[in-house]
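**Student:** Sharing a structure, written as structure tokens. Questions coming.
The values are calculated or read from the model by the stated rules, or taken from the named source; none is laboratory data. Nothing here was measured: the structure is a model prediction, and the numbers come from that model. No Cβ is skipped: glycine too gets one built from the backbone with ideal geometry, and neighbour counts run over all protein chains shown. Calculation scope for accessible area: heavy atoms of the full protein, side chains included, ligands and nucleic acids excluded. Shrake-Rupley method; radii C 1.70, N 1.55, O 1.52, S 1.80 Å.
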Amino acid sequence: MADIIQLLPDHVANQIAAGEVVQRPASVVKELLENAIDAGAQTISLIIKDGGKVLIQVVDDGIGMSVTDARLSFERHATSKIRKAEDLFNLDTKGFRGEALASIAAIAHVEMQTKLADTELGSILKIEGSKITSQDVGAVTKGTSIAVKNLFFNIPARRNFLKSNQVELRHITDEFYRVALAHPTIAFRFHNNGNEILNLPSNNYRQRIVNVFGSKTNQKLVPVSEETQVVKISGFINKPEFAKKSRGEQFFFVNNRFIKSPYLHHAVVNAFDGLIKSDTYPGYFLYLEVDPAAIDINIHPTKTEVKFDDEHTLYAILRSTVKHSLGQFNVVPALDFEQDQNLETPYGYKNKGAEIPRITVDSSFNPFQEKVSTKSASSYQKASKESHQSWEGLYTGLESEIGKEDSFKSIQFESDTITGSVFDAEKETVESKSTTFQLRRKYIVTTIKSGMIVIDQSRAHQRVLYEKFLKNITVKEAVSQQLLFPLSLSFSNADRVILQEIKDSLHTIGFIFGRIDAETVEIKGVPILVSESEVGMVLDQLISDYQLEVSSNSFSQTDILAKTLAKTLSVKTGEILESSSQTTLVNDLFACKESLVSPFNKTVYVTITENDIDKKFI
Ligand code: ADP
Ligand code: MG
């Protein structure tokens with residue numbers, strides 16, 4: 001049989017390699033940014049069009065390349081960063097495989113301009129699918145600019161596999177943050193579709209974090225610092241009270257390279273044990289420095305995984321360092337006193353002083369007397385059995401007191417609340433109305449034919465609001481209230497990027513935006529159910545939920561928005577509801593398409609039948 005083995009042509013080999021290196025536009029961004037850093041750039045600009053599908057360009061002011069190097073740089077295994085195998089164990093550059101540019105050029109249209117500092121003219125190169133289509137010498141600025149256009153133009157299957165521009169942009173932004181946070185002394189700019197969305201001046205680590213995540217971040221950060229023979233740890237953790245449900249702000253850098261390490265993540269989470277709720281995650285920005293010979297970053301083509309020689313020791317050091325910082329900066333007591341106070345105090349009470357309890361005694365009350373107050377008895381008799389009359393008499397003294405109280409004034413036994421309506425004679429006389437009362441500021445209890453139901457007030461309200469918002473979004477024009485004076489709110493750079501992404505969807509639920517510039521976002525109109533004072537809080541929540549569940553199709557994007565609005569604006573556990581609000585809530589709930597579960601799939605109410613109760617008395 002004839003020989004059948006052949007060497008693959010270079011362009012095929014490059015395309016195969018590209019599959020490993022370039023998964024999506026964000027991978028190109030990472031490689032180009034890293035090359036610019038390796039080239040010693042002080043200022044780096046990233047320019048993106050349409051989620052990177054149309055253009056990804058990185059411009060740097062680094063050392064540049066000679067005419068020959070410019071050509072060679074697109075060859076596979078062409079690198080200036082290692083010369084012999086031993087160099088692999090002493091890396092101080094990001095790249096070393098010499099594969100990135102060759103891979104990118106195999107699957108896109110690439111234009112490069114590059115010039116060394118001490119030459120007058122530079123090179124201008126164009127490559128399409130591994131083939132150089134033009135090479136010129138011309139006047140270009142010092143440094144390198146690489147523009148990658150029409151990614152995957154020759155691999156339609158890969159191109160179709162890309163997600164929406166929004167989603168790809170999100171991945172690019174994540175990649176950009178990782179690089180920018182690892183190199184705070186390098187200035188970065190980021191343009192998307194012609195708008196500058198980030199401008200980060202050269203800075204220290206703390207300031208860089210604050211520049212990226214907003215000025216509010218500064219107060220959240222607690223410094224971490226430790227130096228041992230194995231590792232030097234620096235950076236910041238977020239105070240426990242700022243732990244989030246999202247895994248957004250968690251960054252490990254090893255020798256200034258972003259890495260993912262579930263094992264080290266566990267060490268940090270472990271240090272926070274007992275300080276944060278189990279379903280939340282601490283934020284951290286931790287910079288580890290280890291001897292390059294003690295790690296292997298070669299195990300993954302995209303190089304976000306690192307193998308440490310002595311992982312167990314690292315785990316222990318990291319955990320105790322984080323613990324130490326939490327203790328040293330007195331983070332623990334702050335949690336106990338500041339946070340809980342707000343959690344425990346219902347909104348209506350927040351700014352009120354304590355009132356002396358008043359006790360009114362009905363002097364004519366005689367517990368041994370069978371007769372009860374006519375008003376309440378007559379109304380109650382209709383709904384319940386005769387035999388109940390005697391115990392109801394116990395409340396006659398309180399009845400008059402309740403009548404006088406307004407708003408959420410209600411009788412409170414310890415933390416229980418029983419609103420006036422149950423004993424309110426006037427309302428009770430409406431025979432068809434069933435009774436509602438609030439239990440422990442958490443549940444609404446109401447009677448039905450077969451017994452009673454206990455409704456979780458917060459979940460019920462979420463369901464009602466959720467369906468209302470969905471209807472607004474999908475069925476009719478969004479109901480919006482125009483603000484007399486537009487609001488001007490400031491957001492972090494990162495949040496503004498997301499706001500730009502979801503602006504159109506927010507419009508469909510009733511937000512009207514004016515100018516969005518580097519400092520502020522102008523809001524001209526808000527959804528009808530959102531009050532002016534809540535706008536900032538609602539938008540913050542929308543942004544962070546969106547981050548959590550980036551979604552590509554518009555249906556689920558509206559779904560996320562509706563859920564977030566419902567969650568944010570709903571009545572919370574701990575809030576006291578007036579009887580009229582209780583009734584409205586119950587009626588609205590049962591008018592919903594689905595009343596049994598909340599938008600987050602939690603049970604909204606339970607039914608307790610007469611039979612269930614009877615069983616308890618056997
Ligand atoms: P690697 O970074 O692994 O060496 P790349 O394919 O990314 O491989 O780049 C190949 C070579 O091209 C680099 O080793 C470097 O010499 C050169 N190069 C790439 N980008 C730049 C840049 N922005 N400035 C200067 N030289 C660059
Ligand atoms: Mg490289």
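**Student:** Nearest-5 percent of antiparallel DSSP beta bridges in the stretch 10-200? Please list the in-between numbers first.
**Tutor:** Details: 37 of 43 bridges.
Rounded to the nearest five, the antiparallel share is 85 percent.
**Student:** While we're looking at this one, here's another question. Using the beta-carbon distance between Asn199 and Asp310 and R0 = 45 Å, what value does 1/(1 + (r/R0)^6) give for FRET efficiency, to the nearest 0.05?
**Tutor:** The formula returns an efficiency of 0.65 here.
**Student:** If the limit is 25 Å between Cα atoms, which of Lys245/Lys503; Lys53/Lys524; Lys449/Lys563; Lys53/Lys126; Lys245/Lys572; Lys163/Lys277 go over it? Each step should come with its number before you reach the end.
**Tutor:** Numbers: Lys245/Lys503 23 Å; Lys53/Lys524 33 Å; Lys449/Lys563 32 Å; Lys53/Lys126 18 Å; Lys245/Lys572 18 Å; Lys163/Lys277 34 Å.
Result: Lys53/Lys524; Lys449/Lys563; Lys163/Lys277 exceed 25 Å.
**Student:** Let's test this: bin the Cα-Cα distances of the stretch 10-200 at 5 Å from zero up to the farthest pair and state each bin's percent.
**Tutor:** Cα pair-distance distribution for the stretch 10-200, in percent: 1, 8, 17, 21, 21, 18, 10, 3, 0.
**Student:** Share of the stretch 1-111's accessible area from carbon and sulfur, percent, 1.4 Å? Working shown, then result.
**Tutor:** Values: 2980 of 5480 Å².
So the carbon and sulfur contribution to the accessible surface is 54 percent.
**Student:** Just to compare against my own numbers: the Cα pair-distance distribution for the stretch 8-59, 10 Å bins, whole % per bin, please.
**Tutor:** P(r) over the stretch 8-59, rounded to whole percents: 23, 42, 30, 5.
**Student:** How large is the accessible surface per residue of the stretch 205-328, computed with a 1.4 Å probe and reported in Å² as a whole number?
**Tutor:** Working: 5700 Å² over 124 residues.
Accessible surface, normalised per residue, equals 46 Å².
**Student:** List the relative contact order of the stretch 205-328 as a percent without decimals, with contacts defined as Cα pairs under 8 Å and 6+ residues apart. Numbers along the way, then the final one.
**Tutor:** Numbers: 195 pairs, mean separation 36.2, N = 124.
Over the stretch 205-328, the number comes to 29 percent.
**Student:** Have a look at the DSSP beta bridges in the stretch 150-283 and tell me what percent are antiparallel, nearest 5. The partial results should precede the final answer.
**Tutor:** On the way: 16 of 16 bridges.
Counting only bridges with both partners in the stretch 150-283, antiparallel ones make up about 100 percent.
**Student:** Moving to a separate point now. Provide the per-residue ³J(HN,Hα) series for the stretch 162-170, in order, calculated from phi with Karplus coefficients 6.51, -1.76, 1.60 and θ = phi - 60°, each as a whole number of Hz, with x at glycine and proline positions.
**Tutor:** So the Karplus estimates, Gly and Pro as x, are 5, 7, 4, 3, 4, 5, 5, 4, 4 Hz.
**Student:** Let me ask something else. If you count only protein heavy atoms with a 1.4 Å probe, what accessible area per residue comes out for the stretch 10-200, rounded to a whole Å²?
**Tutor:** With the other protein chains kept in place, the stretch 10-200 gives 44 Å² per residue.
**Student:** As an exercise, find the ratio Rg/Rh for the stretch 191-329 from alpha-carbon atoms, using the Kirkwood inverse-distance average for Rh. Walk me through the intermediate numbers first.
**Tutor:** On the way: Rg = 15.6 Å, Rh = 16.0 Å.
Dividing the radius of gyration by the Kirkwood radius yields 0.98.
**Student:** Let me ask something else. Which net charge results when you count Lys and Arg as +1 and Asp and Glu as -1 among the other residues whose beta-carbon is under 13 Å from that of Thr141? Numbers along the way, then the final one.
**Tutor:** On the way: positive: Lys115, Lys142; negative: Asp60, Asp61, Glu120.
Around Thr141, the charge tally is -1.
**Student:** Here's another thing I want to ask about it. If I model a spin label as a point 7 Å beyond the Cα along the Cα-Cβ vector, how far apart are those points for Gln229 and Leu596 in nm?
**Tutor:** 6.5
**Student:** Would you mind checking the radius of gyration and Dmax of the stretch 125-278 based on alpha-carbon positions, in Å?
**Tutor:** Computed over the Cα atoms of the stretch 125-278, radius of gyration and Dmax are 20.1, 64 Å.
**Student:** Further question on the same structure: What share of Cα pairs, in percent, lie more than 18 angstrom apart in the stretch 80-189? Working shown, then result.
**Tutor:** Details: 4059 of 5995 pairs.
Pairs farther apart than 18 Å: 68 percent.
**Student:** Sticking with this one: Let me have the relative contact order for the stretch 437-606, percent, based on Cα pairs under 8 Å that are six or more residues apart. Walk me through the numbers before you get to the answer.
**Tutor:** Values: 239 pairs, mean separation 61.0, N = 170.
Computed value for the stretch 437-606: 36 percent relative contact order.
**Student:** Provide the FRET efficiency to the nearest 0.05 for the Ala117-Leu275 pair, computing r from the beta carbons and using R0 = 41 Å. All intermediate terms of the calculation are to be shown ahead of the outcome.
**Tutor:** Details: r = 51 Å, r/R0 = 1.25.
It comes out at approximately 0.20.
**Student:** Given a 1.4 Å probe, how much area per residue of the stretch 437-606 is accessible, in Å²? Numbers along the way, then the final one.
**Tutor:** Working: 7920 Å² over 170 residues.
Result: 47 Å² of accessible area for each residue.
**Student:** In percent, what relative contact order does the stretch 10-200 have, based on Cα pairs under 8 Å that are 6 or more apart in sequence?
**Tutor:** It comes to 28 percent, rounded to a whole number.
**Student:** Calculate the FRET efficiency for Leu489 and Arg440 from the Cβ-Cβ distance with a Förster distance of 30 Å, rounded to the nearest 0.05.
**Tutor:** Taking R0 as 30 Å, the efficiency between Leu489 and Arg440 is 0.25.
**Student:** Moving to a separate point now. Considering only protein heavy atoms and a probe of 1.4 Å, how much of the accessible area of the stretch 135-208 is carbon and sulfur, as a whole percent? Please report the intermediate quantities before stating the final value.
**Tutor:** Details: 1610 of 3280 Å².
After summing per-atom areas, the C and S share lands at 49 percent.
**Student:** Could I ask something else about it? Evaluated at 37 °C with a viscosity of 0.692 mPa s, what Stokes-Einstein diffusion coefficient in µm²/s does the stretch 437-606 have when Rh comes from the Kirkwood expression over alpha-carbon pairs?
**Tutor:** Values: Rh = 17.0 Å.
The estimated diffusion coefficient comes to 193 µm²/s.
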